[in-house]
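The values are calculated or read from the model by the stated rules, or taken from the named source; none is laboratory data. In this text, all values refer to a predicted model and were calculated from it rather than measured experimentally. Every residue, glycine among them, receives a Cβ derived from its backbone with ideal geometry; neighbour counts consider all protein chains shown. Please note that ligands, DNA and RNA were not included when accessible areas were found on the heavy atoms of the full protein model with its side chains. Shrake-Rupley method; radii C 1.70, N 1.55, O 1.52, S 1.80 Å.
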Amino acid sequence: MNNHLVVQNVRPWVDGKFKKPIDLKLENGIWSDFSDSEAETFDAEGAYAIPALFAFGIDFQEPVRDDIYTFEDGFKALRRGGFIGGLYESTANPIDDLQKLSAVTQIVGKSKLDIRLLGAISKDFQGEHLAEMLELSQGGVAGFGDGNRKVGATRFLRLAMEYGSMTGKRFFFLPMDYSLKYKGLVHEGPVSDTLGMKGIPKLAETIAVHKILELALWLKIPVHFKQITCGESLELIARAKERGLDVTCDVGVYHLLFDESHLFGLDSHLNLHPPVRSALDREALWNGISSGLVQAISCNHFPVLPQDKEVNFEDALPGALSLEILLPALWNLLKTRVGAIRAIELLSNNPALLAGARPAALKLNAPADFVLFQPKGETLVTSSVFSGQVHNSPLLGKSLQGRILGSYLKGLWSAV
Amino acid sequence: MSALEMKHLIGLRNVSAADIRLLLDTSRQFRDILERPVKKVPSLRGLTVVNLFFENSTRTRTSFELAEKRLSADTVNFTTSNSSVQKGESLLDTLRNIEAMKIDLVVVRHRGTGVPQFLADHSNAIVLNAGDGANEHPTQALLDMFTIEQKLGSLRGKRVAIVGDIRHSRVARSNIWGLTTMGAEVTLCGPSTLIPHSPDFFGDVHFESDVRRAVQNADAVITLRLQKERMDDSLLPSMREYRNFFGITHEVLEQAKPSILIMHPGPINRGVELDSEIADGANSVILEQVTNGVAVRMAALYLLSGGRASE
């Protein structure tokens, strides 16, 4: 029996624009042209069919904290948010040898989504001994990273990049000089001074960016910076690009939506790592998105238990969920500021390509993976929006413009 | 007998092809002598050789000692474990004291690059380098070249792959200088953390990160010993990964010429840089390297002494 679905009155993204409303006929994951009066139907009421998104920065904390969140929760979140897959980096269980790679590959394979894995740079993310990067590369990792941990001393970093250069794969770094970060929690600036909270200077990021860029330029290896938070880092990256380096970067969804002024509310959901910075920095990130310097918007989907979030700001654990709400949180802003083409590049094409995956696209007689999004709808962010038992997000309780109606991924339709 | 241009054997960098030729040709004569029932010749009778080993060595020291004895020299062994160096004596003082005993040749091994040159600069004795730091080990390279020539004829145009820890290897460096001077084509292969930082400085050598491609057209492969401390120094993740990607195994040799020579300076980490069955297999010339080492060291001692024995 054919798996037929007709999404009626939908505006699919084809060849760089949203078509006029049509009936999108889907058969076993393919946009087809069939006649089937008994096919299942869904009236999209003029909603967009956006090529499925690709998630950057996902970590479900399994297996160390399966009391918080499970892989299954994460897979549901991806489907709800319209993600065909993502780049998974396990901070709880570093993928530092083939055995661990094979175990996680087996688990994410069950999702039927396209989840790519980052291998570790060092054993147990300790920054002391190299992970078996050649074997991990042969085993299929998309690149290398050390979670959001510090990557050892500079000598170790240099050796790791030098050794890993043999694989030709990209290194992913969250740039942070941890000696400068010290006990800091929030952006070091007027707000941290006013509230008397320990700050993390921008220097902690820019010095790390500079160090990594110098090493990458010298070794001629591709690098990606995760969650850039300030304009000064983007300037360094732009200069390295001019010097011929293959360097890419992303910015976090919440760093585009919030800045330090929002910290006056002391909402522990805004306890994020890295921290949101000044309004000027936020604007610099948007400029980086407009200019093309920033390739992707990352989700940094990181579950934290309510008891670790529903505490005073300084005692809260950093991290936030985003997969289920990223599109309504950003789509209209992105469309207004950079246009739909760039928005799709940032959320779908670029992150997929950087992870070595095939970007989703909509074309007759080809695989169709998309998220059905009604820009005129509304999403009220309640705990029920999120999969699993956690709901840590600074957008909790807010109303967002736009609503995900469902997703069609690998031939499976999930209405939201 | 022709004379060497060099006065000491410090290294093979900047040594002329004529000197290397003379050393190899003379080695052949001594190699023949080693096949005789009586292997001793009187060439260095009356001369005193000091084996000055500041680093542990069994093979090289034994090989030199045997070469000296077969040339009828008087030999003295000086090792740090039984010397005044342990009591804090400086290198120069040690040398002057030994020299005061009227010695003629010094064979020296030291962990520091340049020590043989330092001794040559500050002494009247003839100095032979038995390994200085990661700089040079000229007699090892000469015996490697001799073995290749013995098996395959002229070195010119021969393709030699050197696989392993090139960055920290004095054997690799001396071989690079010697082999390229003699017209061989050298390919270096190893993990990027164990490859020299300035490959261009090595002249006309090729670099290859895939061991299968490195051995593909090679006439000989010199595998280098992997030191375990490379793991502690974060230069490699594990012996296992090294073996899987850079070890010489049957699978790797499937890509090579059937006649490829398997060489190793010893001691071998079996199952790491070289699989046991390859080390002991038909293509292995590792034990012949050891025998040839004595002949090459006899030739070096003989040529460098340059007739002092007859004075």
**Request:** Please give, to one decimal in nm, the separation of the simple spin-label points placed at B:E35 and A:W413, each 7 Å out from Cα toward the Cβ.
**Result:** 8.7
**Complete:** Checking B:L179, B:L91, B:L261 against a Gaussian network model of chain B (alpha-carbon springs below 10 Å), the top fluctuating residue turns out to be B:L91
**Prompt:** Using a 1.4 Å probe, what is the accessible area per residue for the protein assembly as shown, in Å²?
**Reply:** 40
**Message:** Please check: in the Gaussian network model of chain A (C-alpha springs, under 10 Å), which one of A:T41, A:T167, A:T91 has the largest mean-square fluctuation.
**Reply:** A:T41
**Carbon and sulfur %, accessible surface of the protein assembly as shown computed with the full protein complex present, 1.4 Å** = 48
**Helix-only CD estimate at 222 nm, as mean residue ellipticity for chain B, using -39500 (n - 2.57) per DSSP H run (n ≥ 4)** = -11000 deg cm²/dmol
**Item:** Exceeding the 32 Å Cα-Cα cut-off - candidates A:K183/A:K211; A:K19/A:K76; A:K110/A:K226; A:K309/A:K410; A:K19/A:K220; B:K69/B:K158
**Value:** A:K309/A:K410; A:K19/A:K220; B:K69/B:K158
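Considering only DSSP beta bridges whose two residues both sit in chain A, what percent are antiparallel, to the nearest 5? Don't skip to the end; give the middle numbers.
On the way: 27 of 62 bridges.
Among the beta bridges of chain A, antiparallel pairing accounts for roughly 45 percent.
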**Message:** Under 8 Å for C-alpha pairs, at least 6 residues apart: give me the relative contact order for chain B, rounded to a whole percent.
**Reply:** 21
**Prompt:** Helix A:279-291: angle to the longest alpha-carbon principal axis of chain A, degrees 0 to 90, nearest 10?
**Reply:** 60
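Counting only C-alpha contacts under 8 Å and six or more residues apart, can you give the relative contact order of the range A:316-398 as a whole percent?
It comes to 33 percent, rounded to a whole number.
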**Interface burial for B against A (accessible surface, 1.4 Å probe, total of both chains, Å², rounded to 100)** = 1500
**Prompt:** Which value in nm describes the separation of the simple spin-label points at B:R45 and B:D210, placed 7 Å from the Cα toward the beta carbon?
**Reply:** 6.0
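After finding the eigenvalues of the alpha carbon gyration tensor for the range B:138-289, what semi-axes result from the square roots of 5 times each, listed largest first in whole Å?
After scaling each eigenvalue by five and taking roots: 21, 18, 14 Å.
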**Prompt:** ³J(HN,Hα) across the range A:40-48 via Karplus (A = 6.51, B = -1.76, C = 1.60, θ = phi - 60°), whole Hz, x for Gly/Pro?
**Reply:** 5, 10, 9, 8, 7, 6, x, 6, 7
**Complete:** The summed charge of the B:L152 Cβ neighbourhood (under 9 Å; Lys/Arg +1, Asp/Glu -1) stands at 0
**Request:** Compute the acute angle (0 to 90°) between the alpha-carbon long axis of helix A:154-164 and the principal axis of greatest extent of the alpha-carbon atoms of chain A; round to the nearest 10°.
**Result:** 40
**Prompt:** Based on the Kirkwood radius over alpha-carbon pairs, what value in µm²/s does the Stokes-Einstein equation return for the translational diffusion coefficient of the range A:209-327 at 20 °C and 1.002 mPa s?
**Reply:** 141
**Complete:** Note: B:R111 to B:S198 extended length (0.36 nm per residue) minus current alpha-carbon separation gives 29.1 nm
**Request:** Round to the nearest 10 and give me the degree value, 0 to 90, for the angle of helix A:326-337's Cα axis relative to the longest principal axis of chain A.
**Result:** 90
**Request:** Have a look at B:G88, B:G293, B:G203 and tell me which one the Gaussian network model of chain B (Cα, springs below 10 Å) gives the largest fluctuation.
**Result:** B:G88
**Asked** If you take the beta carbon distance between B:E229 and A:T382 as r and set R0 to 56 Å, what does 1/(1 + (r/R0)^6) give as a FRET efficiency, to the nearest 0.05?
**Response** 0.45
**Asked** Amide H to amide H under 5 Å from B:D275: which residues, 5+ apart in sequence or cross-chain, H placed 1.01 Å off N in plane?
**Response** B:I248
**Asked** Once you put a point 7 Å from the Cα of B:E254 and another 7 Å from the Cα of A:S102, both along the Cβ direction, what distance in nm separates them?
**Response** 2.0
**Item:** Amide H partners (placed H, <5 Å) of A:S278, local residues excluded
**Value:** A:E260
**Prompt:** What number comes out for the charge environment of A:D177, summing +1 per Lys or Arg and -1 per Asp or Glu over other residues with Cβ under 10 Å away?
**Reply:** +2
**Item:** Whole-Hz ³J(HN,Hα) from phi, Karplus 6.51 cos²θ - 1.76 cosθ + 1.60, for the range A:214-225, glycine and proline x
**Value:** 4, 5, 5, 5, 5, 8, 6, 10, x, 10, 10, 9
**Request:** Determine one quarter of the surface area of the Cα convex hull of the range A:123-219, which equals its mean projected area, and express it in nm² to one decimal.
**Result:** 6.6
**Prompt:** For chain A, what is the relative contact order in percent, using Cα pairs closer than 8 Å and at least 6 residues apart in sequence?
**Reply:** 20
**Asked** In terms of modelled amide H atoms, which long-range or inter-chain residues lie less than 5 Å from the amide H of A:F302?
**Response** A:A320, A:L321, A:S322
**Prompt:** Dividing the alpha-carbon Rg of chain A by 2.2 N^0.38 Å yields what?
**Reply:** 0.96
**Request:** Would you list the membrane-span-like helices of chain B, meaning whole DSSP H runs whose alpha-carbon atoms span at least 15 Å along their axis and whose mean Kyte-Doolittle value is at least -0.5?
**Result:** B:17-33, B:138-152, B:170-181, B:286-305
**Request:** Have a look at the DSSP beta bridges in chain B and tell me what percent are antiparallel, nearest 5.
**Result:** 5
**Prompt:** Can you give the Kirkwood hydrodynamic radius for chain B, in Å, rounded to one decimal and based on Cα pairs?
**Reply:** 19.8
**Asked** Could you give the alpha-carbon Rg of the protein assembly as shown over 2.2 N^0.38 Å, rounded to two decimals?
**Response** 1.25
